[in-house]
Amino acid sequence: MEYEQESFLNNPLDSKVQKLVILFVFDKMAIPLSEATLLDICSSDNAWLTYMECKQYLAELIETNLIYRVPKGDMLNITQDGISCLALFVTRIPASIREDIVQYARENRMRFKKRQAYFCDYSKNADGTYTVIMRINNDIATIMELKLVVANRQLAKYLYKSWVDKASTAYSLIHDTLLE
């Protein structure tokens with residue numbers, strides 16, 4: 001796989017095929033993605049495109065309505081026209097890149113889905129404590145948001161790192177307790 005990526009960088013694809021790669025990533029991931037996530041997937045994690053090319057072609061795909069911004073969020077997804085376009089021209093994407101994308105999507109889809117569904121961030125307060133905001137989102141709205149003030153950065157980082165694994169349990173406990 002590294003050899004293929006290296007040879008791809010030495011022999012780049014034309015712009016139309018690179019746009020098809022972006023559409024193919026959306027199609028195979030089968031979930032909305034943030035621009036930052038897409039850029040990471042295509043340029044940092046896999047080197048299918050350069051960062052700047054990916055950014056440029058993503059903007060062009062949005063402008064031509066092959067990709068759209070999901071309402072009430074910063075997520076992007078493929079449109080029906082994008083799916084139709086991809087179906088017509090998917091064979092122009094080299095088979096090795098298509099296989100890499102399919103494998104990457106299979107191995108990472110749930111990780112990205114969880115990352116999007118379970119948001120967490122923290123910030124330092126004026127008094128030296130930290131505020132940790134933890135959120136559970138579905139495709140349309142936030143279904144739960146917790147804001148905790150903790151004594152130090154170590155606790156804030158612990159909550160930040162453990163939120164994805166514990167979010168569903170926390171939601172169940174809070175939901176069940178309140179509805180008893």
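The table for this structure:
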quantity	calculated
Residues within the range 46-94 that are in contact (Cβ under 8 Å) with a residue 60 or more places away in the chain and within 14 Å of Lys16 (Cβ to Cβ), tallied	7
Of all residues making up the range 104-130, the number that are assigned to a helix (DSSP H, G or I) and not polar (S, T, N, Q)	12
Meets criteria (in contact with a helix residue (DSSP H, G or I) (Cβ under 9 Å, 6 or more places away or on another chain), not in a helix (DSSP H, G or I) and not assigned by TED's automatic domain parsing to the domain that holds Leu159) for Leu61	no
Residues within the range 135-180 that are under 18 Å from the mean Cα position of the chain (by Cα) and exposed (fewer than 13 other Cβ atoms within 10 Å of the Cβ), tallied	6
The range 167-180 residues that are under 14 Å from Lys147 (Cα atoms), paired with ones that are modelled with pLDDT under 90 and of a type in the set (Phe, Trp, Tyr) (beta carbon under 6 Å, 6 or more apart)	Ala167/Tyr118
Test result for Tyr118, modelled with pLDDT under 90, of a type outside the set (D, E, K, R) and surrounded by 16 or more Cβ atoms within 10 Å (Cβ to Cβ)	yes
Residue match in the range 83-91 (condition: within 19 Å of the chain's Cα centre (by Cα), among the hydroxyl-bearing types (Ser, Thr, Tyr) and within 30 Å of Ile62 (Cβ to Cβ))	no
First in the range 99-113 and touching a residue at least 40 places away in the same chain (Cβ under 8 Å), second anywhere and among the acidic types (Asp, Glu), Cβ under 8 Å, 6 or more apart	Asp100/Glu4; Tyr104/Asp45
Checklist (1) touching a Ser or Thr at 6+ places or on another chain (Cβ under 9 Å); (2) of a type in the set (A, V, I, L, M, F, W, C); (3) under 14 Å from Lys114 (Cβ atoms) applied to Met134, failing item	(1)
From the options Tyr130, Tyr171, Tyr104, residue that is modelled with pLDDT of 90 or more and outside the structural domain of Val17 (by TED's automatic domain parsing)	Tyr130
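The values are calculated or read from the model by the stated rules, or taken from the named source; none is laboratory data. Not measured: the values here are computed from a predicted model. As a convention, Cβ positions derive from the backbone with ideal geometry for all residues, glycine included, and neighbour counts pool all protein chains shown.
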